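I have placed the structure first, in the form of structure tokens, so that the comments after it can refer back to it.
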Amino acid sequence: MKKLFFKIFEINLTNILLLVFIFIFCLIIYRPKYILEVDILDNYIKNLGFEIKKIEILGNNRIGDAKILDSINFLECENIFCLDLKSSKNALEENNWIKSAKLKLHLPSSLIIEVEEETPKFVLKSEQSFILLNQYGSKIIKLEFINKDLEKLIVLSGKGVESKVSDLLSIFAVYPEISKYIKEAEFVSHRRWSLKHASDIIIDLPEEDPEIAFFKIGQLQSKYGFLSNKIKKVDLRIENRMIIKLKERIIKESKI
């Protein structure tokens, strides 16, 4: 009887220890702060060498290291396992300059932060400032002036133009050789595009099928060097007609 009692007690103790182990394991996985934030355990883990001593930041050119480090979040403890990877990643990607971020722990004491920055594609011109936009028309940052390294970006203007960036890129795609010389694009009256070529020629595209009109400009340029410094404006708003305004104020009209 005594042996049976001890055997039952041994089985129950084993089950209790197993349940305690499972409970602690679940806490570490799903609620780590309840375990890791215990001061004694935090200090013990740090003394074992699991403490961040080296941080390597990769991929940042426009945003400084200090700004990135400010976005790194910890639980209420200091060992390496206290780093809140998900919260830190979200905080980094809230910065408009950062397209995506990856954080990797290299045990026992290193953290690697790899960011992919946004590439400015356009400058949105407003009344008092400039706003850098990415290829999708999303805001990156507001500027008071344009630096030299940003002067080659296409300047956009017109109400609601940032929501029409994809349409503009579709137009540019039909003739890239001309597109690379467009330096300004105005979205006029919520319906059509007026482009400015690098040679200061204004190209007014029609509301309907602007891609076709832009392609015709490309063909003329390719065959005849059409976009010369003598032309001031090319108006394609009327279907099957091109109105050319020369810099000498001579207006010519021809069918196309």
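The values are calculated or read from the model by the stated rules, or taken from the named source; none is laboratory data. Quantities reported herein were computed from a predicted structural model and do not represent experimental measurements. When we count neighbours, we look across all protein chains shown, and the Cβ atoms used for this are built from the backbone with ideal geometry, even at glycine.
The condition of being more than 30 Å from Lys46 (Cβ to Cβ), among the aliphatic types (A, V, I, L, M) and assigned to a loop (DSSP other than H, G, I, E, B) holds for only one of Ile131, Ile146, that being Ile146.
Return yes or no: is Lys148 under 30 Å from Glu51 (Cβ atoms) and free of Cβ contacts under 8 Å to residues at least 12 places away in the same chain? Criteria not met by Lys148. Flag set for Ser138, criterion: out of contact with any Cys (no Cβ under 8 Å at 6 or more places or on another chain), closer than 21 Å to Glu117 by Cβ and surrounded by fewer than 17 Cβ atoms within 10 Å (Cβ to Cβ). Among residues of segment 100-120 being farther than 21 Å from Ile141 by Cα and of a type in the set (A, V, I, L, M), the one that is modelled with the lowest pLDDT is Leu107. Restricting attention to segment 206-230, the residues that are surrounded by 14 or more Cβ atoms within 10 Å (Cβ to Cβ), within 18 Å of Glu184 (Cβ to Cβ) and at pLDDT below 90 add up to 1. The sole residue among Ser126, Ser179, Ser100, Ser163 that is surrounded by fewer than 14 Cβ atoms within 10 Å (Cβ to Cβ), hydroxyl-bearing (Ser, Thr, Tyr) and more than 20 Å from the chain's Cα centre (by Cα) is Ser126.
Would you say Lys102 is in contact (Cβ under 8 Å) with a residue 12 or more places away in the chain, within 20 Å of Ser163 (Cα to Cα), part of a strand (DSSP E or B) and not hydrophobic (A, V, I, L, M, F, W, C)? Here the answer is no, as Lys102 does not meet what is asked.
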